[in-house]
Amino acid sequence: MRWRAQRETFSGGAVTRPVNLIVIHCSASADGKTLMRGDARKRTLRSSAQVIDGWHAERGFHRSDYWRGVLNPKLEAIGYHWLIDVDGAIESGRHLDEVGAHCVGQNTRSVGICMLGTGRFTVQQWGALASLVASMRLKYPGARVCGHRDLSPDKDGDGLVEPWEWLKTCPGFDVAPWLARGCLPLVEDIFQAPPKEPV
């Protein structure tokens, strides 16, 4: 896995927050496009995590001074624990022992992973997601892996959360079949950059 920001270690140390849910999200941004903005030479570069941090600050999210002192002090509001950019780089958001702000009613017992995009993700993102989910499953044995939409209420009480019951379409793909296929995406879920026009 490629890491763009500080990385938390998966092995060693006690887990202080019980986690039994790993929730996959999407950023609802353009498929195949990073959110990174600015110019490193001019010191105006903002990572994708910093851009999402700004979005979450506008929504009223915040992180405590304590957790900011432990990990990613520049991220004041981000609700996710991990973010996967279009090049497959993984950025850390909140510390794994820090309660997230990504799924109402589920935050205290879950880890949030956000894929940049809306419904089709790059091959690099799919590979990074598979590796990250495998690592999280090792850290939290028995944790259920699902999409944000899978946590919508079962309005008709039939034991299934069907598309008409979804509160959100996030993450834009069916997580259970993806897991059953060995974390391999469907062809239609892979972002393909449009061909370049001849010069």
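Throughout, read-outs are computed from the coordinates displayed, never taken from laboratory work. As the structure is a prediction and not an experimental result, all values here were calculated from the model. Don't worry about glycine lacking a Cβ; one is built from the backbone with ideal geometry, like all the others, and counts go over all protein chains shown.
Among the residues of region 165-186, are any in contact with a Cys (Cβ under 8 Å, 6 or more places away or on another chain), over 22 Å from V104 (Cα atoms) and not acidic (D, E)? Break it down stepwise before answering.
Restricting attention to region 165-186, the residues satisfying the condition of being in contact with a Cys (Cβ under 8 Å, 6 or more places away or on another chain) are 170-172, 175-176.
Subset that is over 22 Å from V104 (Cα atoms): none.
No; the residues of region 165-186 include none that is in contact with a Cys (Cβ under 8 Å, 6 or more places away or on another chain), over 22 Å from V104 (Cα atoms) and not acidic (D, E).
Looking at region 45-77 only, could you name the residues that are under 27 Å from G127 (Cα atoms), of a type in the set (A, V, I, L, M, F, W, C) and in a helix (DSSP H, G or I)?
Once the filter is applied, which keeps residues that are under 27 Å from G127 (Cα atoms), of a type in the set (A, V, I, L, M, F, W, C) and in a helix (DSSP H, G or I), region 45-77 yields A49, V51, I52, W55.
Which members of region 146-199 meet the condition of being among the acidic types (D, E), surrounded by 12 or more Cβ atoms within 10 Å (Cβ to Cβ) and touching a residue at least 40 places away in the same chain (Cβ under 8 Å)? If you could, list the steps in order and put the result at the bottom.
From region 146-199, those among the acidic types (D, E) are 150, 154, 156, 158, 162, 165, 174, 188-189, 197; that's our starting set.
With the extra rule that they be surrounded by 12 or more Cβ atoms within 10 Å (Cβ to Cβ), the set shrinks to 150, 165, 174, 189.
Result: D189, single match.
Say whether the condition of being of a type in the set (S, T, Y), under 22 Å from A180 (Cβ atoms) and in contact with a Phe, Trp or Tyr (Cβ under 8 Å, 6 or more places away or on another chain) is met by at least one residue in region 76-93. It would help to see each step written out before you state the result.
Quick first cut of region 76-93, residues of a type in the set (S, T, Y) only: 80, 92.
Of the ones still in play, those that are also under 22 Å from A180 (Cβ atoms) are none.
There is no residue in region 76-93 that is of a type in the set (S, T, Y), under 22 Å from A180 (Cβ atoms) and in contact with a Phe, Trp or Tyr (Cβ under 8 Å, 6 or more places away or on another chain).
Please work out which residue is surrounded by the fewest Cβ atoms within 10 Å (Cβ to Cβ), limiting yourself to region 23-49 and to residues that are under 24 Å from T169 (Cβ atoms) and not hydrophobic (A, V, I, L, M, F, W, C).
So the residue we want is K33.
Here's a check for you: in region 146-199, which residue that is touching a Gly at 6+ places or on another chain (Cβ under 9 Å) and of a type in the set (A, V, I, L, M) is nearest to L129 (Cα to Cα)?
Applying the filter and picking the extreme gives V175.
Out of all the residues in region 53-86, which are in contact (Cβ under 8 Å) with a residue 60 or more places away in the chain and within 21 Å of T108 (Cβ to Cβ)?
L71, N72 - these are the residues of region 53-86 that are in contact (Cβ under 8 Å) with a residue 60 or more places away in the chain and within 21 Å of T108 (Cβ to Cβ).
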